[in-house]
Amino acid sequence: MLRRVPLAFAVLLGVAMCADAAAEVIHRERSLYQTILITKTDRRLCMQFSVRAKRRSQSCMDVRDPQRLLFTYTRMTMAALLVKPDPARVLIAGLGGGTLPTALAELLPDVHIDVVEIDPAVYAAAQQYFGFAASDRVKVHVGDARVFVKRAGARGESYDIVILDAFGGDYIPEHLMTAEFLEESRALLGPDAVLAANTFATSGLYDHESETYRAVFGMFFNFRLLESDNRVVIAMNGPPPPKRVLRANAAAWAKRLRPYGVPIKEYPDRLSLAIDWDTAKRPLTDQYAPANLLQGD
Amino acid sequence: MPRILLVNLLAFGGGFSIMSLELLGGRILAPWFGSSIYVWGSIITVFMLALAAGYLIGGTLSLRSPTLGKFGALFVIGALILYPTVLLAEPTMQWVFARIEDPRYGSLAASLALFVAPTVVLGSISPYAVRLLVRSREESGRVAGTLYFVSTLGSALGTLGTSFYFVLWFEVDTIVTTLAAMLLAMGLVAAAVGRFDDNAA
């Protein structure tokens, strides 16, 4: 046993080193909020944020097939279309390389998308390296998502899909995880609109976060796949639509989503309403939001 | 001797409260103005300005027959000004949010409205404490040095305790309320001791 551990480590280290050696860092920048790295292999272009030593890819693009969504969680976010198949207005918190807004703008020719990104350097890198372009239909707002959501609510705006994907690097913006923020986001949802949040499946935060969503939305779809450490929360204003509606929407979308590598027909059966967390855990609020401290539990 | 210990203890509590409140300031403002770097810039600027004013005021107050009782009164006033922060924070920030679009100036205005008054009072503690303990010109530097040491140690502990533990255990409002209660208790103890001590001295 003792001999095996170092061996396993050596193998892992070797794999990690190979992966690293193959990726070339073509751009490195220390922004106000993080260090942004753009890395490139012969097939992949990635944006990574490294807040500490650990790197995590935020956004990757297949150079030869730029449409394909390479991350499981990005593909999972498309499950929002199962609930709201014909959105006219979409709000996305967190730009990254811009793969998600680009894909949605291509898929939905009449859609209007607002993207909120806190870091101007991320926006610049998305434009420079990932071919992301804002337009009349896709607007980027540089600023804090909490402030944007509050102002949009005060203006009485509404969206058909709200996507929360503002969790970069290792640090979690705690004011974007609270029940009050989810209430404000929920207030932006039209009658049959949907909120999709890319969040954590493994950390000590899972129970707290799940309780927070439950406090605000009541029932919600928990969407997890074995291949990913992320989970996507699919929450809506009203009661969750029945499975047959989800399946019908999946069938309608399957062909169009194929070039993006999204196996949407598999998704309806994976959306679960079951409570698989400790309901005794405290929901996060503006008054109590130690998300980063709880993550390690 | 108990007088020296008491004044140092109170200076410690003052330093503790200032930094605990400053850290919570970030939490209080985040829902309205975000947690960008300029929000912290606003908070730190306002605390520095308020402390600067507090030092001047505390120094001036110390000229007029200083007593332990009046020193205690500073804490009581600090507590009474700090507590309403809990109640007024939301409506104040809502008011500012509706009028100032730019979150930089919004967070600055909100910080000014919420944190100047209590921090000015807490800032006046240190120079007043120096005056209470200095007996001769020779020892004045050492007395001031010890008080800075003690109050800055309090600040360090207030920072660490708040960011590592208090936010994990308590709600923000509970922590601010507790700080106010702590200041009130310290002020009352100083006033009580002062009734005997100041008369005796």
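The values are calculated or read from the model by the stated rules, or taken from the named source; none is laboratory data. The structure presented is a predicted model; accordingly, all values stated were derived computationally and were not measured. Here Cβ is always computed from backbone atoms with ideal geometry, including for glycine, and neighbour counts include all displayed protein chains.
Observations on the structure shown:
- Members of region B:35-58 that are out of contact with any Ser or Thr (no Cβ under 8 Å at 6 or more places or on another chain) and farther than 21 Å from B:THR159 by Cβ: B:ALA53, B:LEU56
- As a summary of the residue check, B:TYR165 satisfies the conditions (1) surrounded by fewer than 18 Cβ atoms within 10 Å (Cβ to Cβ); (2) closer than 21 Å to B:ILE28 by Cβ; (3) in contact (Cβ under 8 Å) with a residue 24 or more places away in the chain except for the one numbered (3).
- Residue ID - nearest to the other protein chains (Cβ to nearest Cβ), chosen from residues in region A:95-124 that are touching a residue at least 60 places away in the same chain (Cβ under 8 Å) and farther than 20 Å from A:ARG68 by Cβ: A:ILE118
- Residue among B:ILE37, B:ILE44, B:ILE57 that alone is β-branched (Val, Ile, Thr), surrounded by fewer than 18 Cβ atoms within 10 Å (Cβ to Cβ) and over 18 Å from the mean Cα position of the chain (by Cα): B:ILE37
- Selection status of A:LEU82, assigned to a helix (DSSP H, G or I), touching a helix residue (DSSP H, G or I) at 6+ places or on another chain (Cβ under 6 Å) and at pLDDT 95 or above: yes
- Scanning region A:125-155 for residues that are part of a loop (DSSP other than H, G, I, E, B), free of Cβ contacts under 8 Å to residues at least 24 places away in the same chain and either within 14 Å of chain B (Cβ to nearest Cβ) or under 19 Å from A:MET177 (Cβ atoms) (or both) returns a single hit, A:ARG155.
- Failed condition for B:SER151, given (1) farther than 30 Å from A:GLY143 by Cβ; (2) outside any helix (DSSP H, G or I): (2)
- Residue in region A:172-186 that is at pLDDT 95 or above and more than 14 Å from chain B (Cβ to nearest Cβ) present: yes
- Tabulated pairs, region B:72-101, first within 14 Å of another protein chain (Cβ to nearest Cβ), second of a type in the set (S, T, N, Q), C-beta under 8 angstrom, 6+ apart or interchain: B:VAL86/B:THR177
- Test: residue in region A:279-290 that is closer than 24 Å to A:MET177 by Cα, more than 14 Å from chain B (Cβ to nearest Cβ) and among the polar types (S, T, N, Q): yes
- Considering only residues in region A:170-225 that are touching a residue at least 60 places away in the same chain (Cβ under 8 Å) and among the polar types (S, T, N, Q), the one that is surrounded by the fewest Cβ atoms within 10 Å (Cβ to Cβ) turns out to be A:SER203.
Every residue, every condition in (1) in a helix (DSSP H, G or I); (2) loosely packed, with under 13 Cβ neighbours inside 10 Å, yes or no:
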| site | (1), (2) |
| --- | --- |
| A:LEU257 | yes, no |
| A:ASP269 | yes, yes |
| A:ASP276 | no, yes |
| A:THR279 | no, yes |
| A:GLN287 | no, no |
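- Boolean, A:TRP253 is more than 14 Å from chain B (Cβ to nearest Cβ), over 17 Å from the mean Cα position of the chain (by Cα) and part of a loop (DSSP other than H, G, I, E, B): no
- Single unsatisfied condition, B:ARG64 versus (1) in a helix (DSSP H, G or I); (2) surrounded by fewer than 24 Cβ atoms within 10 Å (Cβ to Cβ): (1)
- Of the residues examined, B:LEU24 is one that is at pLDDT 95 or above, within 14 Å of another protein chain (Cβ to nearest Cβ) and under 20 Å from B:THR162 (Cα atoms).
- Test: B:VAL176 is in contact (Cβ under 8 Å) with a residue 24 or more places away in the chain and touching a helix residue (DSSP H, G or I) at 6+ places or on another chain (Cβ under 6 Å): yes
- The one condition in (1) farther than 25 Å from A:ALA252 by Cα; (2) among the aliphatic types (A, V, I, L, M); (3) buried (at least 24 other Cβ atoms within 10 Å of the Cβ); (4) at pLDDT 95 or above that A:VAL90 fails to fulfil: (1)
- Test: residue in region A:151-163 that is in contact with a strand residue (DSSP E or B) (Cβ under 6 Å, 6 or more places away or on another chain), buried (at least 23 other Cβ atoms within 10 Å of the Cβ) and of a type in the set (Phe, Trp, Tyr): yes
- Taken over region A:226-236, the residue count meeting the criterion of being surrounded by 16 or more Cβ atoms within 10 Å (Cβ to Cβ) and either part of a loop (DSSP other than H, G, I, E, B) or charged (D, E, K, R) (or both) is 2.
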